[in-house]
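None of the figures in this text is laboratory data; all of them are computed from the coordinates on show. The structure presented is a predicted model; accordingly, all values stated were derived computationally and were not measured. Here the Cβ positions follow ideal geometry from the backbone for every residue, glycine too, while neighbour counts run over all protein chains shown.
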Amino acid sequence: MTEFPAPPPALAAPTATVRSFPPVAREPGFGVYVHWPFCAAKCPYCDFNSHVRHQAIDQERYAAAFTREIAEMAKRSPGERVTSIFLGGGTPSLMQPRTVGAILDAIAAAWTVDANAEITLEANPSSVEAERFRGYRAAGVNRVSLGVQALNDRDLKFLGRLHNVDQAKQAIGLAREIFPRLSFDLIYARPGQTVEAWETELTQAIDMAADHLSLYQLTIEEGTPFYALRKAGKLPVPDGELSAALYEATQTLTAARGLPAYEISNHAVPGAESRHNLTYWRYGLYAGVGPGAHGRLMGPDGRQAIATERHPETWLKMVEDWDHGIVTDDTLSPSEEADELLLMGLRLSEGIDLARWRRLTGRDIDPVSEADLKAHGMVERLGPDRLRATPAGMLVLDAVVADLC
């Protein structure tokens, strides 16, 4: 068994909020993820499938390719009702509104789109991209996710962002005016950041937030410029104790201000959770379209793990030749499905449905492992058939999942 530290003190109870949203349905739903792979610049911490091109992108050609791959994915998932669409990247706000409209029209032609579907577009808060917001709204986007990342210009420069704080604030204000729902991202645990400085910055963010915040600790991923700097001893990062203190401060402050964590890094007014991301975390089905996209569709022999070609121009040629850019199409075993359900579901404050786990595996969670984790304050039951990680368990979630598998 993994040895765990003692659990931290209990978090402050959330206060009531004057904003209210209808509860999000417990069913995972069916999502469509569309990956736009291009960025104006590559951030030094980013290991996503994003590419910088110094010549104009032929957006009409890519829109036609997205349309063809969407139709192919629909053949593999007939009869689904789309409850969420997410345009991610890369930088989707580099797309013209007509490109976004063509993609959304293709999805509507391929599947039935629920009347209340959540349609999110990721955007960078530069003033040029913000001017496109009204066009995106007219195309059907009803939620925007802004990559703000920091609320001081020094750290924005350190993170390689192309906007400044004033531009971020203007984009937030415009997004609140135009879109029914808004989220924005911040990265914390930055070099030299103290708990007090982060609490001040997070308070400013909450004051500007509409209904959702995504708050990520800075991670140093292999293959990025930050990884090379850290390996050379030129990039100090917070130690485990400071990282834990920053995480706990995040949970306490957001809960007290009415945006409690519903997932390890995501906070929302109750009812305003990201429905698309809940589809992932509740282990639902979703189609992935575009270069480097991943999906989970139900095939004749079980759940299919599908991935497409990562290189944009190679993907484009594949779709034009074959109607899709799929390079991976594997049937998952019940054991692999159960492991994925556990890994995704324990990220959520609602935890996992143990009856569903039993249907996949034909067995119960190992009682000895569960008892040991409970004794260390890492997991708890929510009634007889739901298991979740505690706030302490969230800090070492990978170890908790490894012990339960």
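Stokes-Einstein diffusion for the range 189-299 at 10 °C, viscosity 1.306 mPa s, with a Kirkwood radius from C-alpha pairs, works out to 97 µm²/s.
Rg and Dmax over the alpha-carbon atoms of the range 178-244 stand at 14.6, 45 Å.
Contact order, relative form, for the range 107-247: 22 percent (alpha carbon pairs under 8 Å, 6 or more residues apart, mean separation divided by residue count). Close amide H partners of VAL289, meaning residues 5 or more places away or on another chain with modelled amide H under 5 Å apart, are TYR33, VAL34, HIS35.
Counting only cysteine Cβ atoms and a cutoff under 4.7 Å, the chain contains unmatched residues CYS39, CYS405.
If Lys and Arg each add +1 and Asp and Glu each add -1, what is the summed charge of the other residues whose beta carbon sits under 11 Å from the beta carbon of ASN266?
Net charge in that neighbourhood comes out at -2.
Hydrophobic, long helices, defined as DSSP H runs whose alpha-carbon span along the helix axis is 18 Å or greater and whose mean Kyte-Doolittle value is at least 1.0, occur in the chain at 97-110. Pairs of Cα atoms nearer than 8 Å and 6+ residues apart set the relative contact order; for the chain it is 19 percent. Suppose we keep just the DSSP beta bridges with both residues in the chain; what percent of those would be antiparallel, to 5? Taking every DSSP beta bridge within the chain, about 40 percent pair in antiparallel fashion. Comparing mean-square fluctuations of GLU263, GLU69, GLU320 from a GNM of the chain with C-alpha springs under 10 Å, the top value falls on GLU320. Among THR314, THR91, THR390, the residue with the largest mean-square fluctuation in a Gaussian network model of the chain, with springs joining Cα atoms closer than 10 Å, is THR314. Using only the C-alpha atoms, the convex hull of the range 121-273 corresponds to 116 Å³ per residue. Put one equal scatterer on each alpha carbon of the range 366-405, apply the Debye formula with no solvent term, and list log10 I(q)/I(0) at q = 0.22, 0.24, 0.25, 0.33 1/Å to two decimals. Cα-only, vacuum Debye calculation for the range 366-405: -0.61, -0.73, -0.79, -1.26. Computed over the chain, the quotient of the alpha carbon radius of gyration and 2.2 N^0.38 Å is 0.98.
Considering only ARG282, ARG359, ARG176, the mean-square fluctuation computed in a Gaussian network model of the chain, springs between alpha carbons under 10 angstrom, is largest for ARG359. Do any of LYS169/LYS234; LYS169/LYS231; LYS42/LYS231; LYS231/LYS374; LYS75/LYS317; LYS231/LYS317 go past 26 Å between their Cα atoms, and which? In this structure, LYS169/LYS234; LYS169/LYS231; LYS231/LYS374; LYS231/LYS317 exceed 26 Å between Cα atoms. Compactness ratio for the range 304-405: Cα radius of gyration over 2.2 N^0.38 Å (N = residue count) comes to 1.42.
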